[in-house]
Structures are given as C-alpha cells and as structure tokens.
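A short reminder: the numbers here are calculations on the coordinates, not readings from a lab. All of these numbers come straight from a predicted model, not from anything done at the bench.
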Amino acid sequence: MSSKARRQLWEEKNMAEALRNVRKKKMGWQLAFKIFNVPATTLRRRFKNNCNSTKGDLGGKRPVFTREIEDQFAQHIKDMEAKFFGLTLKDLKKLIFEFLSKNNIKKPF
C-alpha cells in the first residue's frame, strides 16, 4: 500500500449492519460487503474473531505528547518568535528531549 493510500473509507455503522446480517444469515459474505461497502477481509476477520464494531487506531506511530502539551509547545515557539528569539530545529529537538527526560516520558527515538 502506498504512503498516500487512505484507510478505512467505510463507516462503522455499515460494518456493524453487515456483521449483523451475516450473523443472522440474512445474507452471505459477498452480498454483505457489496451492499454495505465494507472490505470483505475485515468483515470476515471481525466475524471470525467475534468482534463487535469497535473503533480502533488506523496504525502508524502513537503520539508522544497529548494535544494540550503539543499546543503549549507551539505557543512557546510562537512567543519566542514574537520576541525575535526564534528557535532552530536543533534547539527545539533539545528542548523536547529535556522535557521528556524531566517528566519521565518514554522517548520513541
């Protein structure tokens, strides 16, 4: 799959309805995934594992910071820039590394 590929273009409610119809034997696999526009492999996997339609992550790396902390860093960078003391990329990396170390947050790098 290319890096520009988009994942999970289907809706959870459609997957839940397709699972419900397949479990009640109202329709087969092929008809269910065509009508509800959901991937056949995902439908089969969820049926096999007896999964309900739960929203999960789409993969990739997990964020290190919460949204709030990330916004605080962004505001700090903007404040420093407004005071004509811009941070270089090296300075920013050092600042983030120190923050992670002092707060005992696991570093993914």
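Within a straight-line Cα-Cα reach of under 30 Å, Lys90 can be paired with the following lysines, leaving aside sequence neighbours fewer than 8 residues apart in one chain: Lys4, Lys61, Lys78, Lys102, Lys106, Lys107. Taking a ≥ b ≥ c as the square roots of the eigenvalues of the Cα gyration tensor, the chain is prolate, since a/c reaches 1.5 or more and a/b is larger than b/c. Among Met27, Met15, Met80, which one moves the most in a GNM of the chain with springs linking Cα atoms closer than 10 Å? Evaluated over the chain, the most mobile residue of the options is Met80.
What the phi angles of region 60-74 give under the Karplus curve with 6.51, -1.76 and 1.60, with θ = phi - 60°, is a coupling list of x, 7, 7, x, 7, 9, 6, 4, 5, 5, 4, 5, 5, 4, 4 Hz, glycine and proline written as x.
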